[in-house]
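Working notes, structure below.
The values are calculated or read from the model by the stated rules, or taken from the named source; none is laboratory data. Not measured: the values here are computed from a predicted model. Counting neighbours? That spans all protein chains shown, and the Cβs are built from the backbone with ideal geometry, glycine included.
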Amino acid sequence: MNPSLLRLIKTLAILLTALPMASLNSKEAQALEGDWELGALPAAFMMPSFDIYGAGTELFARYDVIDGLSLNAGAGFYGAQQTTLQKPLGLYTLRAGVFYALDVLQWVPGIGINLSALFSESRLHNFHRDGHGMGIDFDLYVQYRGIRHLGIGIFASYHLVFIDADYITAGLSISWYSGMF
């Protein structure tokens, strides 16, 4: 079986098993319909297959179409370095997709899937052909919304790039949201 397809199947399996666990104790949950969420994701960037590590941030916007289901769009920049060759690397990301958040009182776990584009200003063409690539991102997310219009949480994303090397981002989420529980 194709290794990229196998990685995609494994990632989907992990996300699908996480969803039922997130639904525990949801009987007191309230709707998030019509809400906006704007935020930043300061994060670590890891591309283990090429020994590339760094940090950066993404900015995102979500609109809750129906309770639990949101449209998601974001853009980010990561500054990284290839540790063996000591070469700097700048990566820009754009992504759009859907996000499912299960509002459980003040704790909001969620999963997302996005179509993404990756642009590089690096000369290391051995990991991104022509300086760009496309892929699918899988997100896991838990946020605490106990403060009026403010959410603070953690997230992890696995970025499955179609042709080139996959990468992982993980970090904090800080966001403003329009609705209240």
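Quick notes
- Residue count for region 79-110, restricted to those that are farther than 17 Å from residue 174 by Cα, buried (at least 22 other Cβ atoms within 10 Å of the Cβ) and at pLDDT 85 or above: 2
- Qualifying residue in region 49-60 (condition: on the phi > 0 side of the Ramachandran plot and modelled with pLDDT under 65): no
Table: residues versus (1) surrounded by fewer than 14 Cβ atoms within 10 Å (Cβ to Cβ); (2) under 18 Å from the mean Cα position of the chain (by Cα); (3) at pLDDT 90 or above.
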| residue | (1), (2), (3) |
| --- | --- |
| 73 | no, yes, yes |
| 112 | no, yes, yes |
| 121 | yes, no, no |
| 159 | no, yes, no |
| 175 | no, yes, yes |
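- For region 166-180, the count of residues that are over 19 Å from residue 55 (Cβ atoms), touching a helix residue (DSSP H, G or I) at 6+ places or on another chain (Cβ under 7 Å), assigned to a strand (DSSP E or B) and not basic (Lys, Arg) is zero.
- Residue 22 vs. criteria under 17 Å from residue 144 (Cα atoms) and at pLDDT below 80: yes
- Taking the listed residues 45, 60, the one that is assigned to a strand (DSSP E or B) and under 21 Å from residue 121 (Cα atoms) is 45, with no other qualifying.
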